[in-house]
1. Do any GluC sites (Glu not before Pro) in the stretch 1-102 lie in a loop, going by DSSP, with at most 14 other beta-carbon atoms within 10 Å of their beta carbon, and if so which?
2. Can you list, largest first and rounded to whole Å, the semi-axes you get for the stretch 1-117 by taking the square root of 5 times each eigenvalue of its Cα gyration tensor?
3. Among LEU128, LEU168, LEU30, what is the fewest-to-most ranking by other Cβ atoms within 10 Å?
4. If you average the C-alpha positions of the stretch 63-87 and of the stretch 134-154 separately, how far apart do those two centres end up, in angstrom?
5. Would you look at the GNM of the chain, springs on alpha carbons closer than 10 Å, and say which of ALA22, ALA126, ALA13 moves the most?
6. How far, in nm, would the chain grow between TYR105 and THR76 when pulled straight, counting 0.36 nm per residue and subtracting the alpha carbon separation?
7. Can you check what the Kirkwood hydrodynamic radius comes to for the chain, Cα pairs only, in Å to one decimal?
8. Expressed as a rounded percentage, what relative contact order does the chain have, with Cα pairs under 8 Å and six or more residues apart?
Amino acid sequence: MNTAHTHVLFDRAHVFADRVEAGRLLVEALRPFSFHQPVVVGIPRGGLVVAAEIARLLSADLDFIMPKKLGAPGNTELAIGAITERGHLVLNEDVILYLGVPEAYIEEEARRTQEEIAARTRHYRAVLPHTPFHGHTVILVDDGVATGSTMQAAIAATRSERPAQVVLALPVAPRETFEELAQLADVTVAVTAPHDFWGGRCGGLLSRFSAGGR
């Protein structure tokens, strides 16, 4: 990991008042870096709340991207990968191999999930049109990550539009996942990235859980 292109605001865990505070703190984490015509791109629902505050403070355009995890057979909370509305698929090969997940299941789960994403995307696009990423700095925002599979799919989809830079901005992430994702982005920042991590999203570190969370 190139630490010159990463920044963690707090070494210790931080309890967020809400996702708006998470957005304000991420702007502080982003201050050491300069960006060309940034577009702030949130992952709905909770990540879009955080992204909206970042976009407001940076006077930047706001957009969203819609990756969704693929659930394992019999345990939809366990991610075997993720897919975006544009069909960018990231698979967790270790989990798939360990569980012996059939290829036919993966194909069907990807098809079903993409159809679900398409319906949600139409709903969001009615009020938030897409901003082209080409030549811009894209700041990808979620309200936290656990395994990082959905963010990996979001990065792949974003790269396909040839942005000038891809920046990841996360309120909270396990240190190991933070370092893995930093290999895929040009700049990666977090408010906190503890080694002894116990919750995947900043909802686990919120004193007041926002209705925008998931």
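1. Answer by residue number: there is no such site.
2. 33, 17, 14
3. Fewest to most other Cβ atoms nearby, the residues stand as LEU128, LEU30, LEU168.
4. 13
5. Top of the fluctuation ranking is ALA126.
6. 9.2 nm
7. 17.2
8. About 30 percent, as a whole number.
Just so you know, all these numbers are worked out from the coordinates, no wet-lab data involved. Computed from a predicted structure; not experimentally measured. Using ideal geometry, Cβ is built from the backbone for each residue, glycine included, and neighbour counts are taken over all protein chains shown.
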